[in-house]
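Right, one structure below, let's go through it.
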Amino acid sequence: MKIIVAIKQVPERDAALAIAPGGKWIEDGDLAYTINEPDAYALEEALQLKEKYGGEVVAISAGPERVASTLREALAKGADRAIHILADDLAQRDTLALARLLADAVRAESPDLVLTGLQSDDLGLGQTGVLLAELLGIPHATIIMQVEVTPTGLRAKRELEDGFFQHVEMPLPALLTIQSGGNKLRYATLMGIKKARSKPTTSVSAAPSNSTPAVELVRIYLPEKQKRTQLLTGTPAEIAAQLVEKLQSEVRVL
């Protein structure tokens, strides 16, 4: 079984972020980067499937030269090889344009299974995997916690709301978006890091984006601090009812 795992490189969670001039992205020159956490769980799922059923795991990522370090991390954890789509203009490409880049590279590999993280830690749109499946013309399922290969394809466990789960069966090839927390992430061992140096990484240049973005990022900004005090009046029972209503409809914590 050939499994391709789409990986995104994102800033470290504790990185100090500053907005770039123009207000459309962040200053990224001095940031430390890492693998997107949901994609790390997708990689872990792929590695466990390989250990159980055999085959090959291929990590793929699009971005500038610095993305190579994240691909090396995937190789050190156990991926067999990597594909780096060289693109310095990801900030100018929307999710559909990114999915098209990935689709061109994935299509040439003819994989049995494609895994992505549920969403990215930076934008959190949760669209790349679904769009990629549509471009490849293969079935997909989202929010996957567990995968099992069957004689007719695969059986996947989906997380729903309120503690409920759904089991779906589908033929291969297919694409799954993996939910965080389904497995325990492994660390790259010293031996894995050494082996990663000899594993192949193919670099391909991204095709120019000739289409008009379907979504435009107009502005990013830091959260604005606001203070507001509201006094609730009435009997204790009336105040309690008002408080519960606000926690449900406004704060949305109940």
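Observations
- Among (1) over 28 Å from Val147 (Cβ atoms); (2) in a helix (DSSP H, G or I); (3) of a type outside the set (Ser, Thr, Tyr) - the single one Leu31 does not satisfy: (2)
- The range 143-182, residues that are in a strand (DSSP E or B), hydrophobic (A, V, I, L, M, F, W, C) and over 14 Å from Ala42 (Cβ atoms): Val149, Leu154, Phe165, Val168, Met170
- Residue match in the range 214-234 (condition: under 30 Å from Val58 (Cα atoms) and in a loop (DSSP other than H, G, I, E, B)): yes
- Summed over the range 43-66, residues that are within 17 Å of the chain's Cα centre (by Cα) and farther than 21 Å from Ala108 by Cα total 3.
- Selection of the range 3-17 for residues being loosely packed, with under 11 Cβ neighbours inside 10 Å and of a type in the set (Asp, Glu) yields only Asp14.
- Single residue of the range 21-44 satisfying the filter (within 30 Å of Asn183 (Cα to Cα) and among the hydrophobic types (A, V, I, L, M, F, W, C)) that is surrounded by the fewest Cβ atoms within 10 Å (Cβ to Cβ): Ala32
- Pair list, Cβ < 9 Å and 6+ apart or interchain, from the range 1-25 residues that are part of a loop (DSSP other than H, G, I, E, B) to residues that are of a type in the set (Phe, Trp, Tyr): Met1/Tyr53; Glu12/Tyr33; Ala15/Tyr33; Gly23/Tyr221
Quick note: the coordinates plus some simple rules give every number you see, no bench work behind them. None of these values were measured; they are calculated from a predicted model. Note: ideal-geometry Cβ built from the backbone for every residue, glycine included; neighbour counts use all protein chains shown.
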